[in-house]
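So the structure is just underneath, and the comments pick up after that.
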Ligand code: NAD
């Protein structure tokens, strides 16, 4: 049996992983550390030939991986999880360079590994739907073939593993396509996976923006599991139509949190504030619209400002335990600044924040101070749009339950939503009327490997995680044995 030292890898040079071989490309590129603006180590720029090579290797690997017993597949996933832990600090330090303070990067690695281990426990059993003298009929779930995970920049480690784990457990061969903003940790994870899984089962390709479209168009890929923005998700779905690939789309969110008038502010405000500003607003299920009952609105807002003032922002070089990162890249930073300018033009005032730290001379990098907008109108951009940055609208809830449910559902998005109250019956009554894929009571963003995750409306289709997520990596197949009688 291999010891964990056998799984130590070097973190200096970065390669595509094709058929368990480390492959360089003629051209390379470098992502940027958003806190120092320094380039990260260079990564490959895949060509179409690299895509073809990875897909052929995956296709060749698929039949025997499909026929490998699930207990063996799960055992290899567990070995992989242990191997990641054997390189924990190297992974966390590299993830920090991709845009998080070390504390947050360590949290992501730890969370992702636990999630992977939880995934390895899932089992899709055959379902017997009739078993009598005439016939035995079962439903089976069989893997699709070659699958691709297209991953965004905000949680490159967790979200990538969150696709790879279920895909591989279900018996698919998996190709990981990281975001061009955060390719480094993905390539190292798959380099490590190549020491554990058979050739072609787990591969990684890094590249420029043409790589995703090459993958969505490829005739031998059976599924794309995409996490990213809603506009890109629509392009992915359109591209997959020509080959009828299966698609799972985990897209943008504009999550509502509804705060009832009976909450204990000391307990609830810090949790809600964390739910708003986690990863500087760059989480699909961050709270992006906060509806607070008019009776407690003023106290809630004042307390939230106090809590947010204590939040420590920092980057890869932070040594003081900061948990909140800069905006991850220049493109997103410009979007956040543009949204804030339009908020100002709409005459809306922040009760805290609104400054770009770099411009204030405090820090290099894409830092934007956590910003709270006091009671903006329902049709303002900050209420209607997902900022994907640290700007949060707090809206006064005036009226009864019908009104807050109407406001919360007044969006094209439907990823997550939460209700906060001491009265759990009331909270569930309100929650059950909300149009979102994940509902939480007295918590938000609470994710688990055995709980399906997916969006309503333009927040996506299909699910990651849980048995439903695993089924998304499978064909549904019926198997009937006739025991007596004629046909039909
Ligand atoms: P994005 O849509 O710009 O990019 C996501 C990925 O798609 C990247 O790897 C990118 O290279 C690739 N891509 C871009 N164009 C493509 C194309 N035409 N075909 C195939 N692939 C293509 O998203 P982003 O800016 O990296 O991430 C932020 C967005 O992701 C936010 O809207 C956020 O809410 C959403 N998100 C959703 C979830 C979820 O689970 N629902 C989780 C995290 C982030």
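Details
- Residues satisfying the criterion are absent from the stretch 302-322 (criterion: under 18 Å from the mean Cα position of the chain (by Cα) and buried (at least 21 other Cβ atoms within 10 Å of the Cβ)).
- Boolean, residue 166 is within 16 Å of the ligand (Cβ to nearest atom) and part of a loop (DSSP other than H, G, I, E, B): no
- Residue count, the stretch 323-335 (criterion: over 19 Å from residue 40 (Cα atoms), surrounded by 19 or more Cβ atoms within 10 Å (Cβ to Cβ) and within 16 Å of the ligand (Cβ to nearest atom)): 0
- Residue match in the stretch 57-64 (condition: under 26 Å from the mean Cα position of the chain (by Cα) and part of a helix (DSSP H, G or I)): yes
- Within the stretch 199-207, the presence of at least one residue that is more than 12 Å from the ligand (Cβ to nearest atom), touching a strand residue (DSSP E or B) at 6+ places or on another chain (Cβ under 7 Å) and on the phi > 0 side of the Ramachandran plot is confirmed.
- Residue in the stretch 53-66 that is free of Cβ contacts under 8 Å to residues at least 60 places away in the same chain and within 18 Å of residue 97 (Cα to Cα) present: no
- Residue match in the stretch 258-268 (condition: in contact with a strand residue (DSSP E or B) (Cβ under 6 Å, 6 or more places away or on another chain) and surrounded by 24 or more Cβ atoms within 10 Å (Cβ to Cβ)): yes
- Any chance residue 151 is crowded, with 21+ Cβ neighbours inside 10 Å, away from the ligand (no atom under 16 Å from the Cβ), under 20 Å from the mean Cα position of the chain (by Cα) and in the same structural domain as residue 235 (by the TED database): no
Quick grid of which residues meet (1) modelled with pLDDT under 95; (2) crowded, with 21+ Cβ neighbours inside 10 Å; (3) closer than 17 Å to residue 257 by Cβ:
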{"site": "366", "(1), (2), (3)": "no, yes, no"}
{"site": "421", "(1), (2), (3)": "no, yes, yes"}
{"site": "441", "(1), (2), (3)": "no, no, yes"}
{"site": "463", "(1), (2), (3)": "no, yes, no"}
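A quick yes/no check of all residues on (1) at pLDDT below 95; (2) in contact with a strand residue (DSSP E or B) (Cβ under 8 Å, 6 or more places away or on another chain); (3) over 27 Å from residue 329 (Cα atoms); (4) away from the ligand (no atom under 16 Å from the Cβ):
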| site | (1), (2), (3), (4) |
| --- | --- |
| 276 | no, yes, no, no |
| 280 | no, yes, no, no |
| 284 | no, yes, no, no |
| 288 | no, yes, no, no |
| 292 | no, yes, yes, yes |
| 295 | no, no, yes, yes |
| 299 | no, no, yes, yes |
| 302 | no, no, yes, yes |
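- Of all residues in the stretch 216-231, those satisfying the criterion of being crowded, with 18+ Cβ neighbours inside 10 Å and either near the ligand (Cβ under 6 Å from one of its atoms) or more than 20 Å from residue 475 (Cα to Cα) (or both) are 216, 227, 228, 230.
- Candidates 479, 467 - the one that is touching a residue at least 24 places away in the same chain (Cβ under 8 Å) and under 19 Å from residue 248 (Cα atoms): 467
To keep it simple, each residue is scored yes or no on (1) more than 17 Å from residue 282 (Cα to Cα); (2) not assigned by the TED database to the domain that holds residue 299.
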residue	(1), (2)
395	yes, no
399	yes, no
402	yes, no
409	yes, no
414	no, no
444	no, yes
449	yes, yes
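- For residue 271: the one exception among (1) within 24 Å of residue 158 (Cβ to Cβ); (2) surrounded by fewer than 22 Cβ atoms within 10 Å (Cβ to Cβ); (3) not assigned by the TED database to the domain that holds residue 335: (3)
The values are calculated or read from the model by the stated rules, or taken from the named source; none is laboratory data. As the structure is a computational prediction, the values presented were derived from the model and not from experiment. All Cβ positions, even for glycine, are placed from backbone atoms using ideal geometry, and neighbour counts span all protein chains on display.
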